[in-house]
Structure formats: structure tokens, C-alpha cells
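Beneath this line is the structure, given in C-alpha cells, with notes to follow.
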Amino acid sequence: MKKNILITGVAGNVGSALANYLLQQGYKVTGLDNLSTGDVNKLPKHSDFSFVKLDVNDLQALSQVMLSKSYDFVFHYAAVVGVQRTLDNPINVLNDIQGIKNILELSKNTGVKKVAFSSSSEVYGEPVSLPQIEDVTPLNSKLPYAVVKNVGEAYFRSYFQEYGLSYVIFRFFNTYGPHQSEDFVIPKLLAQAVNHQDITIYGDGQQTRTFCYIDDNIEASCRIFFDDQYANDVYNIGSDTIYTVKELAETILSITNSNSKIVHLPALKEGDMTRRQPDISKMKAVLDRSLVPLNEGIEKLLAHYKHQQ
């Protein structure tokens with residue numbers, strides 16, 4: 001009998017890719033999303049996939065779904081995301097704590113074997129050391145998004161400690177792919193370059209980032225999640241190749257042969273961390289293959305966009 005998996009935030013970039021991957025692996029998948037930022041066009045078209053529009057912060061609605069069938073595994077990926085969006089809507093961000101509690105309580109009470117949580121590089125705040133290692137989190141960020149991710153991680157650990165509910169925490173670092181919306185940096189800059197518009201970056205563009213193609217994220221996450229030897233731990237999911245934001249813009253200009261010019265906007269007052277560099281040694285050991293290089297990932301995005309036209 002096929003195992004049942006529940007994915008929250010299924011209409012987003014990572015959630016939709018995860019659903020497609022799990023369906024290919026022979027699982028039955030139920031996806032939840034309130035569609036505040038997700039898009040139904042990203043959802044799989046598959047006989048073993050079902051979608052329910054709901055907000056996981058609504059305990060009654062979520063209970064109806066989780067009590068309707070027996071779920072073996074849950075991936076809790078629903079969240080308010082995007083730097084500017086989370087800065088503009090701090091209360092909505094903080095409300096996501098309720099969804100975390102709902103997922104864990106219902107998972108504990110309905111026989112779910114393991115739960116995954118999409119945490120974030122934001123839990124590191126401004127790094128006190130590089131690379132950023134899973135067991136060194138300075139808790140120096142006051143932004144609601146980072147606070148919620150830190151609180152969420154604490155809830156997952158606590159439910160394991162008190163109730164034995166097995167978990168895996170993934171800290172995502174800039175995962176990009178065909179289903180990412182244009183308010184994230186790579187699709188935004190790519191759209192500007194393709195349309196020969198000014199490429200806009202905040203500040204001097206010397207902020208450092210790493211960029212993980214969606215295929216690397218999904219394969220590594222699933223290998224970790226479904227192997228019990230990796231349970232009840234935290235994993236950075238990203239790339240260890242560092243680019244400044246300005247170098248990213250220049251790379252996109254080169255690949256697209258665009259006539260766009262780089263324009264520097266005023267630096268964000270908050271939320272734009274100066275450095276990001278994960279230690280991904282645990283991820284790489286599990287994946288055991290080379291990661292998709294940035295230029296190759298951007299070429300994949302371009303091919304996808306052209307196919308959609």
C-alpha cells in the first residue's frame with residue numbers, strides 16, 4: 001500500500017517541487033496551501049495528488065484534513081516568505097507559530113511517524129563565524145521571520161523530547177527553481193535582464209549569498225528525511241559556492257546577453273544580511289554528487305521560461 005504524505009505550503013517553490021518528486025517515488029500526496037503567495041498552476045497533475053485550500057493556522061480546518069486519513073509523514077513548509085513581505089507583515093509572520101503548533105499536535109495525535117520543518121538561514125542572523133554550522137546559532141536576529149523559525153525549531157525538538165515525535169529540520173539557503181516567484185532575487189533579476197530593463201540591487205551589492213538549485217534541495221532533503229539514521233537533527237540545505245549579489249547580477253547579464261544596466265537602490269534598513277555561507281558538509285555527504293552550478297541552474301530557468309511562453 002502506498003504511504004500517505006502531507007505537505008503544507010505545497011503551492012510554493014519548494015513545496016510544489018517536493019510534491020512532484022514524492023509522487024514520482026510512488027507516494028500518495030495531499031497538499032495544503034492558503035494560496036496567499038502560492039499558485040495553483042504549480043501544483044502536480046497526478047492521480048495520487050489531492051489539494052486542499054486552507055490555512056494551517058486554522059486548527060479546525062487542519063484537523064478535518066489530518067483526521068480524514070492516516071498520514072505517515074508530514075512536511076511542514078507553509079510560511080509567510082520573502083524579505084520585503086515579512087518586513088511589511090510582521091503579525092502575519094508571527095501567526096505562523098500557531099500553524100507549527102497545530103501541525104505538531106495533530107501529528108502526535110494521529111500516528112504520524114516523522115515530521116519535517118522548513119527552517120531558514122535567517123536563524124543565524126548576522127553570522128558570528130563562517131561557514132555557518134548547524135550547532136552554532138547566535139540568536140542575534142530580532143526580525144519576526146527569524147524568531148518564528150527559531151521558535152519552530154524549538155517546538156520540533158520539544159515534541160520529540162516529550163512525545164517521541166521524530167523530526168528533521170532543514171535550514172534552507174536561497175533555493176531557486178522554475179516555480180519561484182519574481183519577488184525573489186534570481187527570478188527577479190533574470191526577468192529584468194531578459195526584458196532589457198535595469199537590474200536593481202540593494203546597496204553596494206557586496207552582500208554574499210549562495211544559491212541552491214531546487215533539484216539539489218529536494219534530493220538531499222528526501223534522502224535525509226527517509227533515512228532514519230539522520231532523524232532528529234538539523235541540516236543546512238544550500239550551496240557552498242559564494243557570490244556577491246553584484247556578481248550574481250553580472251552572471252545573469254552574461255548568460256542572457258542582456259543590454260540591461262545594474263542600478264543600485266538604497267540599502268534595506270533591515271532584513272538584508274551582509275553574509276551567508278552555510279557549512280553543507282552533512283548535506284553533501286548524503287547527496288554524494290556535485291551540486292548544480294549557478295550558471296547551469298540559470299540556464300535551466302531560462303529554458304523553462306521559454307517553454308512556458
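A short reminder: the numbers here are calculations on the coordinates, not readings from a lab. This is a predicted model, so every value here is computed, not measured. A quick note on method: Cβ atoms are made from the backbone with ideal geometry, for glycine too, and the neighbour counts reach across all protein chains shown.
Find the lysine pairs in the stretch 258-303 meeting two conditions, Cα atoms under 28 Å apart and a separation of 8 or more places or different chains, and report how many there are.
4
Of 247, 105, 162, which is the most mobile in a GNM of the chain whose springs link Cα atoms less than 10 angstrom apart?
Fluctuation is largest for 162.
How much FRET efficiency would the formula 1/(1 + (r/R0)^6) give for residue 60 and residue 295, where r is the Cβ-Cβ distance and R0 is 45 Å, rounded to 0.05?
0.40
Hey, quick one: spin label on residue 39, modelled 7 Å out along Cα-Cβ, who in the stretch 8-26 has an amide N within reach, i.e. under 11 Å?
12-13
Report the residue, chosen from 243, 167, 145, that carries the largest GNM mean-square fluctuation when the chain is represented by alpha-carbon nodes joined by springs under 10 Å.
243
How far apart, in nm, are two points set 7 Å out from the Cα along the Cα-to-Cβ line at residue 184 and at residue 84?
1.6 nm
One-quarter of the Cα convex hull surface for the stretch 86-225, in nm²?
Its average projected convex-hull area is 10.3 nm².
Can you tell me the relative contact order of the stretch 183-309? Whole percent, Cα pairs under 8 Å, sequence separation 6 or more.
Taking the mean separation of contacting Cα pairs over the length of the stretch 183-309, I get 39 percent.
Dimensions of the stretch 1-75 along principal axes (Cα, Å, largest first)?
The Cα atoms of the stretch 1-75 stretch 30, 26, 18 Å along their principal axes.
In degrees from 0 to 90, rounded to the nearest 10, what is the angle of the helix 144-163 Cα long axis to the longest principal axis of the chain?
30 degrees
Across the stretch 185-270, how large is the tail of the calculated P(r) beyond 15 Å, expressed as a percent of all Cα pairs?
That fraction is 65 percent.
With a cut-off of 8 Å between alpha carbons and a minimum separation of six or more residues, what is the relative contact order of the chain in percent?
Relative contact order, the chain: 17 percent.
Could you work out Rg/(2.2 N^0.38 Å) for the stretch 27-121, with Rg from alpha carbons only?
The stretch 27-121 yields a ratio of 1.10.
So for the stretch 80-203, averaging the separation of alpha carbon pairs under 8 Å that are six or more residues apart and normalising by length, what relative contact order in percent results? Write out the running numbers ahead of the final one.
Details: 124 pairs, mean separation 34.5, N = 124.
After rounding, I find 28 percent.
Please give the calculated 222 nm ellipticity per residue for the chain, where each DSSP H segment of at least 4 residues contributes -39500 (n - 2.57) and the sum is spread over every residue; nearest 500 deg cm²/dmol?
One gets -12500 deg cm²/dmol as the mean residue ellipticity at 222 nm.
When the Cα centres of the stretch 157-217 and the stretch 264-297 are compared, how far apart do they sit, in Å?
Spelled out, the Cα-based centre of one part sits 8 Å from the other.
Need the full-extension length gain, residue 228 to residue 154, defined as separation in residues times 0.36 nm minus the C-alpha distance. One decimal, nm.
Fully extending the segment from residue 228 to residue 154 adds 24.6 nm.
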